[in-house]
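**Student:** Before I ask anything, let me first share the structure, which is written out below as structure tokens.
The values are calculated or read from the model by the stated rules, or taken from the named source; none is laboratory data. None of the values given here were measured: they were computed from a predicted structure. Here Cβ is always computed from backbone atoms with ideal geometry, including for glycine, and neighbour counts include all displayed protein chains. With ligands, DNA and RNA removed, areas are computed over all heavy atoms of the protein, side chains included. Shrake-Rupley method; radii C 1.70, N 1.55, O 1.52, S 1.80 Å.
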Amino acid sequence: QVQLVESGGGLVQAGGSLRLSCAASGRTLSMYGLGWFRQAPGKEREFVAAIRWSGDTTYSSDSVKGRFTISRDNAKNTVYLQTRNLKPEDTAIYYCAADRLWTLGQPFSPDYWGQGTQVTVSS
């Protein structure tokens, strides 16, 4: 059983930054694609960014491209989401996820989810 635990969320003013982390336990995820999703109140969960197991390929949604950066440290079994220039519309619960088969050009279909971390951006 894999457990994904997010941290790093919080309250920040518009234009600010946060670094989200997601630590995995129970199994090494070095061969898994790792990603981030978010869900705002009253909205469906949406894809944010993903990174291939090797770390050499990333993909981000248009809404965060140029502002958010995904990275991973396989030695620490951890994936990160560095957010910059945050906007009020970025307010959401951010979820970490793992997909055993993900590669660029494929939909990210999680095998595992974290419990989420709240990000609130004030205007």
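**Student:** Name the pairs: first residue in the range 63-82 and hydroxyl-bearing (Ser, Thr, Tyr), second residue open to solvent by 40 Å² or more (accessible area, probe 1.4 Å), Cβ to Cβ under 6 Å, at least 6 apart or on different chains?
**Tutor:** Qualifying pairs under 6 Å: Thr69/Gln82; Thr78/Ala23; Tyr80/Ser71.
**Student:** Can you give me the number of residues within the range 10-27 that are closer than 14 Å to Ser123 by Cα and surrounded by fewer than 16 Cβ atoms within 10 Å (Cβ to Cβ)?
**Tutor:** Total satisfying the criteria: 6.
**Student:** Give me a count of the residues in the range 53-93 that are among the acidic types (Asp, Glu) and within 15 Å of the chain's Cα centre (by Cα).
**Tutor:** 3
**Student:** I'm trying to understand the selection: among the residues of the range 66-123, which are over 14 Å from Leu20 (Cβ atoms), of a type in the set (Phe, Trp, Tyr) and open to solvent by less than 30 Å² (accessible area, probe 1.4 Å)?
**Tutor:** Of everything in the range 66-123, those that are over 14 Å from Leu20 (Cβ atoms), of a type in the set (Phe, Trp, Tyr) and open to solvent by less than 30 Å² (accessible area, probe 1.4 Å) turn out to be Trp102, Phe108.
**Student:** So which residues in the range 38-64 are surrounded by 15 or more Cβ atoms within 10 Å (Cβ to Cβ), hydrophobic (A, V, I, L, M, F, W, C) and within 14 Å of Glu89 (Cα to Cα)?
**Tutor:** Val48, Val64
**Student:** When the range 10-26 is examined, which residues are found to be of a type outside the set (A, V, I, L, M, F, W, C) and either closer than 16 Å to Trp102 by Cβ or under 11 Å from the mean Cα position of the chain (by Cα) (or both)?
**Tutor:** Arg19, Ser21
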